[in-house]
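Scroll down for the structure; my scribbles are underneath it.
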Amino acid sequence: MTELNAPLDDWVSRLADEAVAFAERNETPVKVASGISPSGPIHLGNLREVMVPHLVADELRRRGRTVEHIISWDDFDRFRKVPNVPGVDSSWEQHIGKPLTRVPAPHGSDAANWAEHFRRELQSALEDLGVEYRGISQSQMYTSGAYIDQVLHAMAQRGRIDSILERYRTLDRGDSSPATENAEETDADAMSGAAEDADGSGDSGYYPYKPYCSVCGTDFTTVTAYDDESTALTYECRCGHTETVALREHTDGKLVWKVDWPMRWAYEKVTFEPSGVDHQSPGSSFAVGKDVAPIFGWKRPLGPMYAFVGIRGMAKMSSSKGGVPTAAIALRYLEPPLLRWLYGRKKPNQSFDVALDGELPRTYDEWDALVRKTAGEKAQPGDIAAYARAASVLDPASGAVRELPLTPRPMAYKTLASIVDITTGDDEQTLRILAALEPDTTLTSLDPLRPRLDRASAWVAEQMPQQERTVVRTEPDTALLESLTDEQRAGLRLLLEGSGTPAPAGLGRLEDDWSLAGITHQVYGVAKVQRGLGADQIVKGDKELAAAQRAFFVLLYRLLVTSDTGPRLPTLLLAIGSDRVRSLLHP
Ligand SMILES: [Zn+2]
């Protein structure tokens, strides 16, 4: 099932083909890259930066190729602004301008610094998602001196770089004002290197290198002089400090973003790196990179544009409270294969929404339908590939396909959610009801329903819309019970006590067959018996009967959960238990 032998015409296969063709033209192995700036919670939209190259690399590995995926942690970027996140207050403003690895982590975090705190959350999600990569800390690279030759080269070539940038400066609208649709996305974009302001130009000339001040630690510095021969570089800082350093030994600064990115393409020999729409406008870093990369002896990699990922839901985590939908949050409700599948099924240039709201159970239904299709005889190659890419990864270390954990007994998410909602998460009660739902199979523990059951529990607790919640009455609605008509009273008596005539034509007591099938027969039978029909009689097209059944159901919902609707009645009765049902319905 996980072998992808048939040639496919989907985006993953096509990009994989193009990635190979590009690398072969340039006589180098395929190397895919992602860049993530851990400047705050990493939005699900930025997960596309990782998932697009991951899916392409995974496809090529399945074809037997060795492909490295690198993730550049852009943690030597400056701390631009204080995001609204828990554990952080206005005192963090003193750190603006410092590298992200020298800003303290939010209060309560045990991370060594700001960048590590937010990087770790994504790393853990990527592990769950089965993404294999080599992480590269740019703080580590710059401060260890790994890029010294490249920095000296960029300074030596600053005239050339300046004239390239000059050609684009008039076009430069893209990086400073990405075409965003809402504030949330603007925040997400601000995290990427695209939002870096300076390109290195200043009154004292063009210098593509920006030192961090040795006194105040920020990059509010301006290079005022540079001597190519000695590499003596003089800078002054906003804090008043002025210093001359030997650039050939200086490891406390970085190239400006528009030079840094192409330099790293060359350093790592990257051949494939997608980027967000904000990087791809006419004067943007990706556009400029085409001309800057050759200065470092490389070529701009293949770089498909990816569109935004929207989020539905997250009402409780509005941006005013600092809630950003991250991969870790999505994985609280979605099993990793489902999240992989969402990123695989849309072409990178198509935007899509991850639904965490009332629509989330539908995502599970669609996934379950895909799983059924791939298991059937008429499985289409596209469906098989979509399933395989979501449910497994090719492990580059062993060369074998590794299946990601899936729930052994995938019960409908909506059913799980409504039962968890009714039982308020009581395991014993949940097991009793779920076992009754499927009496043909023996369910002696909740384990085969996990992890989906746990995801559904978290969703009910944190995201389920209020109007979909079921609150079972603790006391009978005496006012409503006293106002019942004789027919309604008789209906309730029939439901609870039966018709006194033998089943199946008549109705027994409600507890006589306390199963999903038995209760279904009972609740539908009441209106039939009241109209002189057999309880088990199959009746079609009787509109009056159907209306009477509906009216009876509404009455039951009102008496049980103070609402006109609710979960399916047999499920609801099973969940409530017969004692409580009797106390709430006794006319
Ligand atoms: Zn300073």
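The values are calculated or read from the model by the stated rules, or taken from the named source; none is laboratory data. Not measured: the values here are computed from a predicted model. Note: ideal-geometry Cβ built from the backbone for every residue, glycine included; neighbour counts use all protein chains shown.
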Study note, to complete from the structure: Reported set for the range 73-87 where residues are surrounded by 21 or more Cβ atoms within 10 Å (Cβ to Cβ) and either modelled with pLDDT under 95 or in a loop (DSSP other than H, G, I, E, B) (or both) is Asp74, Asp75, Phe76, Asp77, Phe79
Review point. In this structure, does Leu370 turn out to be in contact (Cβ under 8 Å) with a residue 24 or more places away in the chain, closer than 19 Å to Asp128 by Cβ and in contact with a helix residue (DSSP H, G or I) (Cβ under 7 Å, 6 or more places away or on another chain)?
Key: no
Review point. In the list Lys254, Lys269, Lys290, which residue meets the criterion of being touching a residue at least 60 places away in the same chain (Cβ under 8 Å) and either within 16 Å of the ligand (Cβ to nearest atom) or closer than 26 Å to Glu166 by Cβ (or both)?
Key: Lys254
Exercise for review: Please work out if Val32 is part of a helix (DSSP H, G or I) and among the β-branched types (Val, Ile, Thr).
Suggested key: no
**Study point:** Extreme residue, farthest from the ligand (Cβ to nearest atom), among residues of the range 195-242 that are in a loop (DSSP other than H, G, I, E, B), among the hydrophobic types (A, V, I, L, M, F, W, C) and farther than 22 Å from Gly159 by Cβ
**Key:** Phe220
Review point. If you scan the range 564-585, which residues turn out to be farther than 15 Å from Thr474 by Cβ and outside any helix (DSSP H, G or I)?
Key: Asp564, Thr565, Gly566, Pro567, Arg568
Review point. Hey, among Val277, Val270, which residue is modelled with pLDDT under 95 and in contact with a strand residue (DSSP E or B) (Cβ under 9 Å, 6 or more places away or on another chain)?
Key: Val277
